[in-house]
Every structure is written in structure tokens, then in C-alpha cells.
1. Only one of these conditions is not met by residue 320: (1) within 25 Å of residue 64 (Cα to Cα); (2) under 17 Å from the mean Cα position of the chain (by Cα); (3) not hydroxyl-bearing (Ser, Thr, Tyr). Which number is it?
2. Need pairs with beta-carbon distance below 8 Å; first residue touching a residue at least 12 places away in the same chain (Cβ under 8 Å) and at negative phi and within the stretch 193-204, second in a loop (DSSP other than H, G, I, E, B) and polar (S, T, N, Q); sequence gap 6+ or separate chains.
3. Please indicate, with yes or no, whether at least one residue in the stretch 347-356 is without any contact (Cβ under 8 Å) to a residue 60 or more places away in the chain and not assigned by TED's automatic domain parsing to the domain that holds residue 42.
4. Which residue out of 42, 23 is among the aliphatic types (A, V, I, L, M) and over 28 Å from the mean Cα position of the chain (by Cα)?
5. Could you tell me whether the stretch 329-341 includes any residue that is closer than 24 Å to residue 53 by Cα and not hydroxyl-bearing (Ser, Thr, Tyr)?
6. From the set of residues in the stretch 381-391 that are over 23 Å from residue 165 (Cβ atoms) and surrounded by fewer than 17 Cβ atoms within 10 Å (Cβ to Cβ), which is modelled with the lowest pLDDT?
7. Being hydrophobic (A, V, I, L, M, F, W, C) and over 16 Å from residue 322 (Cβ atoms) is the filter here, so list the residues in the stretch 27-48 that pass it.
8. Could you name every one of the helices (runs of 4 or more DSSP H) located completely within the stretch 21-126 that has at least 3 residues being without any contact (Cβ under 8 Å) to a residue 24 or more places away in the chain?
Amino acid sequence: MVKIRGWQVLAIGNSATPKDWSLKGSIFLSLDAQAELGYRVLDHLPYDSFVRKSVGYLFAIQHGAKKIYDADDRGEVIDGDLGKHFDVELVGLDSKQEPILQYSHENPNRTVVNPYIHFGQRSVWPRGLPLENVGEINHEEYYTEVFGGKQFIQQGISNGLPDVDSVFYFTRKTTLEAFDIRFDEHSPKVALPQGVMVPVNSFNTLYHSSAFWGLMLPVSVSSMASDVLRGYWGQRLLWELGGYVAVYPPTAHRFDRIEAYPFVEEKDLHVNVGRLIKFLLAWRSEKHSFFETVLDLSFAMAEEGFWTEQDLKFTAAWLQDLIAVGYQQPRLMSLELDRPRASIGHGDRKEFVPRKLPSVHLGVEETGTVSTEIGNLIRWRKNFGNVVLVMFCNGPVERTALEWRLLYGRIFKTVVILSSQKNSDLYVEEAKLDHIYKYEYSQDYYVYVV
């Protein structure tokens, strides 16, 4: 990262960072150095979390940053060039003032998309995609276009270990072999219209100055939910400025260290994210300045239980710090969501058919034509709506029971999990594997034993 020309690496320490940590060519802010900055947000930040990056964002803004590339320590920028796919310049001679493919807004019931499909991976889904949307695997019938220049938040795709949730990670491999998932680098970037959202992370994302206010990482939610909630919160507020999120072809390679975050760290995602998206699309504000609007949404999200009052106070401190370091709040614009949806004529439709790249399904690597098991399950649900899935767990049930229920519970009528040891807390019943290999029938349903 330090070898990328024209960029300054800023590393933020927490309580787990060695005191003698250093990297030539980087600026390192230890806990002691952070405390000396005097930012108001310091009173709200935990010592042992990556959300301390909020200090780094403020430091960069204070020292004249015009763009901030948000990354983690697992990734490397492909070819050492952020400008290969990202639109690093939005204005001036070096900017690419060109139309961008945009997801269609014609279906008012579609509120979130899986961008990995556009880049050739139909069986992979990003962390923060509601699990009920995992089965939506068809590519776009057509796109529209939007003029470039206001893609203030740019989400890059990562090869290797893309940003996936623990449900995907733990159900897609049977060995300790590292993931090395590839996306189509030739797929064009794609923008999101108002009314349609996409998961945004803190691992491979470029923020332009018009969206610096949206870098704030919530502190009252679980660690692996913080950046995703920030992304949805930021997208909704971005619409108030006439801006939008765009997703870009692979810009980084992230390395799988054969470790994943425990499911509990994502609990605020899987429980609330679908409801959050619906809430954000319906939410409106009557405030007359942008920062007042930001506070208004943060208050509403606390009232609805998406985060706590702690994040409302944190938002206020964050906005005060932004003003103190010289950031100018953007101006509000009229919200397109409240206008009648324009009909999409035949001439406005743009076609693009994604490639179908080798995919990974339940520990089996697939080549050739992609026919995902999730797609099969969706078809099974249509044909066998009363199927009860019985699953026997050979390994530790603490790791798999909840994940299985979340993944398959939306497809089958009931998911029954059996194991050699009973676990009442997880509703796992005791059974012997050789006693359950049979089909059971009743007047109401048919049981399929896995």
C-alpha cells in the first residue's frame, strides 16, 4: 500500500496493536497519539475495535485529504494502481465524464441488489445482503445509464476473499484451503439509483470529499455490522445530495487467512438489515441543512433500535469534529425518490450479460454453466412448499446450527437439526445417524433427510 504513488498510508492503532508497530512510509497514530488530537469522538470509541478508524478519517480531513481510500490489512491493490478501475478524479481534466451503467429502478419492490452477480459470481453474496435475498440470482434484464461525476462513494470488488458473511464462509468450504474467488475485471462499473441499495464495506472503498461525513463508523453495534450499517445510512443520506454509490470491478486482492469472524459479530446484520433497508427507503426529513438531516436520521435509527443513543451522541460529536477540522457541509438537494418514476423507454435500456465464472457451492468448486444450489432450493420451494429439512450435524453444533437455520429456514417449512449430543439452547435434538436415514410421510408434509 505504501508503494502507491500519490497516496499517504495512515494506520490507526487500537489496544491490540503492538506498541513498537511501524511501517516505513506510513503515518501511525497510536492510542497515545490519538488522545493528543482532542477530537470529541474519542470519548465514544472503544479501545479494542477497528472503529477507531474514525480518528484517522478526521486526521486525514484535517490535513487536507480530498479522497480517502478505506482498506484493511488483508488486501493489496491490484497492480498498485487505485486509478485502474476507481474514478479517483470526478472533476477536472483527469476526470472521466462518461455515462455509467445503472441498475433499473423500474421495479419498486426491489430495494437491494447483490453486485457480485454483475461481476460474474451468482453464488456469492456480500456481507450485509439480507439472507432472504440470497436466492435472487438472475442477472439484470437490462440497465439504464446515469451521467458520471456524483459517484461520491465507490465500492470496489475484492478478489481472493471478497467481503462475505460468516454464513457464506462457514458453509462454503469443507477444508482449510483458502478461498480464492475471482470476479470479472472486464465487467463495467455499475451505479445504484435512488431507491435501490447495495452493501458497502470498509475494506475496499473510495470516498470523495462530498461524502466524507459518511465515514463515521457506528460504535454501539457489533463489530462486523458497523461498516455495513454505515454504508446503508450513508447511501440514504447521499440521495439528499444528489449523489450515488457505484460498484467497481476488482480493485484489490484480499487474502484468506483461514479465519473468519464468529457469527455473533454479525448478529446486528442478520437480525436487522432487511428491516433497516425498508425503514431507510420510507424515511423522510423536514430539516433544512444537511448536518441537521444527518442527526435527524441518526435519531430515527436509534428510536427504531438499529443502534443506540450512544451512536446518536457519537454522530453529534462526529459532526462537531468535522466542522472543527474545516470540513464544509454539503448542500441539500431535492429528493428524486418523491418524484414520479420516469418510464424506461426501449431506447433507454442498456444490455449487459455478466460472465458466469467458476463458483463455489457448499465446499464444491463448480466449473462450466453455473447452476447454484441456492437457485435449486428456490425452485424446490415452489414445487415442495411443505418440505421439512432434517439435518444431522457431525461437528460442533455451536458453529453450525444457527447458520443452517438462517440459510435454509427461509426456504424450507421447518429445519430440524440433529446431533449426537443434545443442545437445548440451540434446539438441537439428540439422534444417531444410522437411525435417521429414512423417509417419513404424513398427510401434510414430506421429510427429506440430508
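The values are calculated or read from the model by the stated rules, or taken from the named source; none is laboratory data. Treat the numbers as computed from the prediction; the structure is a model and nothing was measured. Don't worry about glycine lacking a Cβ; one is built from the backbone with ideal geometry, like all the others, and counts go over all protein chains shown.
1. (2)
2. 193/104; 196/111; 197/111
3. From the stretch 347-356, those without any contact (Cβ under 8 Å) to a residue 60 or more places away in the chain are 347; that's our starting set.
Adding the requirement that they be not assigned by TED's automatic domain parsing to the domain that holds residue 42 leaves 347.
Yes: the stretch 347-356 contains one or more residues that are without any contact (Cβ under 8 Å) to a residue 60 or more places away in the chain and not assigned by TED's automatic domain parsing to the domain that holds residue 42.
4. It is 23.
5. So in the stretch 329-341, the residues closer than 24 Å to residue 53 by Cα come out as 329-330.
Of the ones still in play, those that are also not hydroxyl-bearing (Ser, Thr, Tyr) are 329-330.
Yes, the stretch 329-341 contains a residue that is closer than 24 Å to residue 53 by Cα and not hydroxyl-bearing (Ser, Thr, Tyr).
6. Just the residues of the stretch 381-391 that are over 23 Å from residue 165 (Cβ atoms), to begin with: 382-388, 390.
Of the ones still in play, those that are also surrounded by fewer than 17 Cβ atoms within 10 Å (Cβ to Cβ) are 382-386.
Values: 382: 58, 383: 55, 384: 51, 385: 55, 386: 65.
Result: 384.
7. In the first step, residues of the stretch 27-48 are kept if they are hydrophobic (A, V, I, L, M, F, W, C); the result is 27-29, 31, 33, 35, 37, 41-42, 45.
Those that are hydrophobic (A, V, I, L, M, F, W, C) and over 16 Å from residue 322 (Cβ atoms): 27, 28, 29, 31, 33, 35.
8. Details: elements: 31-35, 53-62, 115-118.
Per the criteria, 31-35.
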